[in-house]
There are 2 protein chains.
Amino acid sequence: MRYSLKSRQKQTLDSALKRKGFRPTKQRSAVYEVILGKKDHPNAEEILLRVRRVLPTISLATVYNCLETLVDCGLVRQVNLDRSPSLFCPNLGPHAHFKCKKTGEIHDFDLDKATISSLESILPEGYSIERFDLSFIGTSNQGRQN
Amino acid sequence: MRYSLKSRQKQTLDSALKRKGFRPTKQRSAVYEVILGKKDHPNAEEILLRVRRVLPTISLATVYNCLETLVDCGLVRQVNLDRSPSLFCPNLGPHAHFKCKKTGEIHDFDLDKATISSLESILPEGYSIERFDLSFIGTSNQGRQN
DNA sequence: CTAGGTGCAAAAGGTTTGCGGTTAA
DNA sequence: TTAACCGCAAACCTTTTGCACCTAG
């Protein structure tokens, strides 16, 4: 590999920001790295804790602002299950979420083309879909899968 | 028809409340009627307005409390799309929601058994599903369908 | 240089809770 | 009679905003 994971991430981030007219800042970069760094579903508070290991003075408001920018750029996905705090997710492909009632763990399930088109065929003519959200709640006997 | 719509509703409500050990009150009854009365997706504020036509002194907190009770009894479904206020929905059968970006309208789409089982087959062994939520966001050229 | 971004604190918006009085069983 | 419930106001929690300072272009 010619370029490190981090430098490829940085390129992706910078070009996505530039495309939308946003400036690259170390805060945005740190928030983005933190989300990519672990394949889980942290909320803003948890992201704050992780980012502060690198930028100890960053504020929660800035984390929220950075997250909004990243979501706007399509670099990160915002996941809202019931009324709990928004979660942020680096998995950009089509997938469903499963939340375990007992452990609170959230697992992703990637969706194949056939499943997606059968989902989309639920809607009749005249409806154009920008985005869909599919989530399950229940219990699982699978461990955390990071 | 022997019994009026309202008296059947009242029976459903009372027996569901009793099953969970809740008392029947006129506030719960009014909130329930308001939600069944119009096949849309009102939020708590809107439900307050409608209920006040019948019980002018009911408070927003009581509306929230009644809604929690009704959801707990399985009489009404709580719908959370993005971060906007929770919506409440009398449609208890399996269905998906479509939200139109332009008009804010929400349409229900009932799901047939085949679609449901194909949805549920997304999850592997070891996952047991209590509930799922499927929602779409996009635009539609269909009018409001009440 | 200056528009955009940060950090802080305060506000906003939705929802829940504590409390004194009321009501269904 | 009394535990549950209501109405009100205050609290709560997540998220957004206003403002003075800072920084990338």
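The values are calculated or read from the model by the stated rules, or taken from the named source; none is laboratory data. Predicted model, so just to flag it, every value in this text is computed and none were measured. As a convention, Cβ positions derive from the backbone with ideal geometry for all residues, glycine included, and neighbour counts pool all protein chains shown.
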>> All but one of (1) surrounded by 15 or more Cβ atoms within 10 Å (Cβ to Cβ); (2) outside the structural domain of A:ASP133 (by TED's automatic domain parsing) hold for A:GLU68; state the number of the condition that does not hold.
In response: (1)
> All but one of (1) more than 16 Å from DNA strand C (Cβ to nearest atom); (2) in contact with an Asp or Glu (Cβ under 7 Å, 6 or more places away or on another chain) hold for B:ILE122; which doesn't?
Replying inline: (2)
>> Six or more apart or on different chains, Cβ atoms under 8 Å: show the pairs whose first residue is in region B:33-44 and without any contact (Cβ under 8 Å) to a residue 24 or more places away in the chain and closer than 11 Å to B:PRO85 by Cβ and whose second is within 16 Å of DNA strand C (Cβ to nearest atom) and part of a loop (DSSP other than H, G, I, E, B).
In response: none
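Would you mind stating whether A:GLY93 is surrounded by fewer than 18 Cβ atoms within 10 Å (Cβ to Cβ), closer than 28 Å to A:THR12 by Cβ and without any contact (Cβ under 8 Å) to a residue 60 or more places away in the chain? Break it down stepwise before answering.
Details: surrounded by fewer than 18 Cβ atoms within 10 Å (Cβ to Cβ): yes; closer than 28 Å to A:THR12 by Cβ: yes; without any contact (Cβ under 8 Å) to a residue 60 or more places away in the chain: yes.
The answer is yes for A:GLY93.
When you check A:CYS100 against the structure, is it more than 15 Å from A:LYS39 (Cα to Cα), under 12 Å from the mean Cα position of the chain (by Cα) and among the hydrophobic types (A, V, I, L, M, F, W, C), yes or no? Break it down stepwise before answering.
Numbers: more than 15 Å from A:LYS39 (Cα to Cα): yes; under 12 Å from the mean Cα position of the chain (by Cα): no; among the hydrophobic types (A, V, I, L, M, F, W, C): yes.
Considered against the rule, which asks whether it is more than 15 Å from A:LYS39 (Cα to Cα), under 12 Å from the mean Cα position of the chain (by Cα) and among the hydrophobic types (A, V, I, L, M, F, W, C), A:CYS100 comes out as no.
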> Looking at region B:34-146, what helices (runs of 4 or more DSSP H) fall wholly within it and have at least 2 residues that are more than 8 Å from chain A (Cβ to nearest Cβ) and more than 30 Å from A:PRO124 (Cα to Cα)?
Replying inline: B:44-52, B:60-72
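Can you name the residue in region A:1-54 that is of a type in the set (A, V, I, L, M) and surrounded by fewer than 17 Cβ atoms within 10 Å (Cβ to Cβ) and, of all such residues, is farthest from DNA strand C (Cβ to nearest atom)? Talk me through it step by step, then tell me what you get.
The first filter runs over region A:1-54 and keeps only residues of a type in the set (A, V, I, L, M), leaving A:1, A:5, A:13, A:16-17, A:30-31, A:34-36, A:44, A:47-49, A:51, A:54.
When the remaining residues are screened for being surrounded by fewer than 17 Cβ atoms within 10 Å (Cβ to Cβ), the result is A:1, A:5, A:36, A:49, A:54.
Values: A:MET1: 29, A:LEU5: 22, A:LEU36: 17, A:LEU49: 14, A:VAL54: 11 Å.
Among them, the one singled out is A:MET1.
To keep it simple, each residue is scored yes or no on (1) aromatic (Phe, Trp, Tyr); (2) without any contact (Cβ under 8 Å) to a residue 60 or more places away in the chain.
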residue	(1), (2)
A:HIS97	no, yes
A:CYS100	no, yes
A:THR103	no, yes
A:ILE106	no, no
A:LEU119	no, yes
A:PRO124	no, yes
A:GLU130	no, yes
A:PHE136	yes, yes
